[in-house]
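Reading through the structure tokens given below for one structure.
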Amino acid sequence: MAERTVERDAAYAEKLAAFEERIARGDKIEPGDWMPEQYRRQLIRMISQHAHSEIIGMLPEGGWITKAPTIRRKLVLLAKVQDEAGHGEYLYHAAETLGATREEMIRQLLAGEAKYSNIFNYPTLTWADIGIIGYFVDGAAIMNQTMLSRCSYGPYARANIRISAEESFHMQQGKEMVILLSQGTPTQRSMVQDAVNRWWWPTLMMFGPHDANSPNSPALIGWGIKTKTNDELRQSFVNQLIPELHDLGLSVPDPDLYFDEESGNWRIGEIDWDEFWRVVKGDGPCNRERMRARQKAHEDGRWVREALEAYAERRAGEGAE
Amino acid sequence: MSDTQWPRFYVFKQDTPQDVHLAVGTVHAPDAEMALLNARDVFVRRPECFSLWVARAAEVLVVTREQGEALSFQAAEDAGGGQQRFHIFLRREREVQHSFAGTIEAPSRVHALQKAMDVFSAEKPRVWWIVPEKAVTISDPLETASWVGSAKDKAYRQPSFYRAQTLMRKVREERSRKGGDS
């Protein structure tokens, strides 16, 4: 018995070494390749959460489609939200290549068992919030997705490449809006400053807990799933946004913010992780509203699914091609 | 059928007549007709699509190089003497996408794989896709042209439509002109 275990361990060690060597070479892991169970599980978790985030992310903006101030802005917002649905589809597909089923992922989301990005549990209170979501939230997402485009798992890398190509207009339209509002009337300026004040910290929290508190990160980096740490990405984002916001005459709600000459980094104050965990655990401003909206959409769409199924069965019965 | 786990269809997209079809992902649909429409919604929001194919995933053989080598040593049973056509997609070592390589006649998928491994050996593929032609539904070229026409009109889906860069530059110039401080 013990001998067989030793043989199994040796065989496993060999497979693991070959797998890690493949990643170190920069080769992609594809469906059908051997992979450690932890790699598969971590990826299913990450990818399905990413997919759910895209779908739930349609809700805070979707509510403003009927309230856009001009036809141009309405068309742009429609196109953006449509893209997000498509991105969710790319990602569900990537998770399915690892053995997750669409049925189980959707069930988990609708039952409130699945996690999705916290940022979408915050409300969009004004039109300026729509500009800030594009500028901040999509800006942060683009950094993350650009990194994930080089991920070791082929289907996830390819999904992120496709997403990144489409996402840049999301950020540009938001940034354009924020620039215009910040240089506009006093009402517009104060509206966009108020949106900055509400979205700045939740956006920084999008990058996840500090590296010291991220137990999954070392394995994810070792296996080429992530190539940058949470804090590294967060720092890049801050360094990019702060000078732009200052040039626009906007401030961030951080009295401890300062520029560290030595490192060339903008240093931020303490993140309120209590708020982060409260919202992650379901106690944010919009968690219940988001879930109800998604459940309602699923229920309201039931007749469409039933009709499609009935049509397909009838055609199959008629022997149609 | 449950209402969240319809059959999967692989989607293959040819961007222009000068390109080959690439595997871009999957859609779920109750039948091929709906799969094409879903594929249009998911994959053709930008004006790069000359042809779209969907293929029932259950009928497609997807294997890595190692799996392919193992399969090809098995005695592939004769599938009854009839020759069928199989579209071969492959992913070369340093590439990221799976692209169309050619069409092979063979009595079964495994036979087609064996043949493909021979015919395309110089490409050294990491992944093989064997797609029976009869599993494929192709988009009507006239319809595809209308989807692309509609997507072209929507210039606001391109980042170049937005003036953020120009506006930011103007704001910065204005600030330095006024000798503004941060």
Q. What is the number of the single condition among (1) over 19 Å from A:Pro31 (Cβ atoms); (2) of a type outside the set (Gly, Ala, Ser); (3) away from chain A (no Cβ under 14 Å) that B:Val110 does not meet?
A. (1)
(Q) Any residue in the stretch B:153-168 that is of a type outside the set (A, V, I, L, M) sitting within a Cβ distance under 7 Å of a residue that is open to solvent by 60 Å² or more (accessible area, probe 1.4 Å)? List the pairs, counting only those 6 or more apart or interchain. (A) B:Tyr156/A:Leu75
(Q) Could you check the stretch A:176-186 and list, in sequence order, the residues that are open to solvent by 30 Å² or more (accessible area, probe 1.4 Å) and without any contact (Cβ under 8 Å) to a residue 60 or more places away in the chain? (A) A:Leu180, A:Thr185, A:Pro186
Q. Would you call A:Glu261 more than 14 Å from every other protein chain (Cβ to nearest Cβ) and exposed (fewer than 13 other Cβ atoms within 10 Å of the Cβ)?
A. yes
Q) Only one of (1) open to solvent by less than 30 Å² (accessible area, probe 1.4 Å); (2) more than 9 Å from every other protein chain (Cβ to nearest Cβ); (3) in a helix (DSSP H, G or I); (4) not acidic (Asp, Glu) fails for A:Ile142. Which number is that? A) (1)
Q: Could you tell me which of the residues A:His87, A:His50 is under 30 Å from A:Arg40 (Cα atoms), away from chain B (no Cβ under 14 Å) and either modelled with pLDDT of 95 or more or not in a helix (DSSP H, G or I) (or both)?
A: A:His50
Q. Taking the condition within 11 Å of chain A (Cβ to nearest Cβ), surrounded by fewer than 18 Cβ atoms within 10 Å (Cβ to Cβ) and within 23 Å of B:Phe89 (Cβ to Cβ), does B:Lys170 pass?
A. no
Q: Quickly run through the stretch A:1-26 and pick out the residues that are charged (D, E, K, R) and either in contact (Cβ under 8 Å) with a residue 12 or more places away in the chain or part of a helix (DSSP H, G or I) (or both).
A: A:Glu3, A:Arg4, A:Glu7, A:Arg8, A:Asp9, A:Glu14, A:Lys15, A:Glu20, A:Glu21, A:Arg22
Q. Residue check, A:Val252 against (1) surrounded by 15 or more Cβ atoms within 10 Å (Cβ to Cβ); (2) at pLDDT below 95, all met but one. Which one?
A. (2)
Q.
Exactly one of these conditions fails for A:Glu309: (1) charged (D, E, K, R); (2) within 14 Å of another protein chain (Cβ to nearest Cβ); (3) open to solvent by 50 Å² or more (accessible area, probe 1.4 Å). Give me its number.
A. (3)
**Q.** Identity of the residue in the stretch B:5-34, outside any loop (DSSP other than H, G, I, E, B) and in contact with a Ser or Thr (Cβ under 7 Å, 6 or more places away or on another chain), that ends up farthest from A:Gly99 (Cα to Cα)
**A.** B:Gln14
Q. What are the residues in the stretch B:123-167 that are more than 10 Å from chain A (Cβ to nearest Cβ), open to solvent by less than 90 Å² (accessible area, probe 1.4 Å) and under 27 Å from B:Thr64 (Cβ atoms), if any?
A. B:Glu123, B:Pro125, B:Trp129, B:Ile130, B:Val131, B:Pro132, B:Glu133, B:Ala135, B:Val136
Q. Right, A:Val280: more than 20 Å from A:Gln49 (Cβ to Cβ), open to solvent by less than 50 Å² (accessible area, probe 1.4 Å) and under 23 Å from the mean Cα position of the chain (by Cα) or not?
A. no
Q: With the condition kept exactly as written, say whether any residue in the stretch A:163-186 is modelled with pLDDT of 95 or more, under 28 Å from A:Gly282 (Cβ atoms) and among the hydrophobic types (A, V, I, L, M, F, W, C).
A: yes
Q.
Quick check on the stretch A:145-166: of everything there that is at the interface with chain B (Cβ under 9 Å from one of its Cβ atoms) and touching a residue at least 60 places away in the same chain (Cβ under 8 Å), which residue is farthest from A:Thr70 (Cα to Cα)?
A. A:Gly154
Q. Quick one: how many residues across the stretch A:90-117 are open to solvent by 30 Å² or more (accessible area, probe 1.4 Å), within 11 Å of chain B (Cβ to nearest Cβ) and of a type in the set (D, E, K, R)?
A. 3
(Q) Suppose we keep only residues that are over 21 Å from B:Trp129 (Cβ atoms) and not charged (D, E, K, R) within the stretch B:17-43. Which one would you say is nearest to the other protein chains (Cβ to nearest Cβ)? (A) B:Pro30
**Q.** Residue under evaluation B:Gln67, criteria (1) in contact with a Gly (Cβ under 9 Å, 6 or more places away or on another chain); (2) open to solvent by less than 60 Å² (accessible area, probe 1.4 Å); (3) within 11 Å of another protein chain (Cβ to nearest Cβ), criterion not met
**A.** (2)
Q | Contacts under 8 angstrom Cβ, first residue in the stretch A:271-300 being without any contact (Cβ under 8 Å) to a residue 12 or more places away in the chain, partner part of a helix (DSSP H, G or I) and exposed (fewer than 13 other Cβ atoms within 10 Å of the Cβ), 6 or more apart | A | A:Arg288/A:Gly282
Q) In the stretch A:240-290, how many residues are part of a helix (DSSP H, G or I) and within 25 Å of A:Ser190 (Cβ to Cβ)? A) 9
Q: Return yes when A:Leu78 is open to solvent by 50 Å² or more (accessible area, probe 1.4 Å) and either part of a helix (DSSP H, G or I) or without any contact (Cβ under 8 Å) to a residue 12 or more places away in the chain (or both) and no when it is not.
A: yes
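The values are calculated or read from the model by the stated rules, or taken from the named source; none is laboratory data. These numbers were taken from a predicted model, which means no experiment stands behind them. Here Cβ is always computed from backbone atoms with ideal geometry, including for glycine, and neighbour counts include all displayed protein chains. These accessible areas exclude ligands, DNA and RNA; they are computed on the full protein's heavy atoms, side chains included. Shrake-Rupley method; radii C 1.70, N 1.55, O 1.52, S 1.80 Å.
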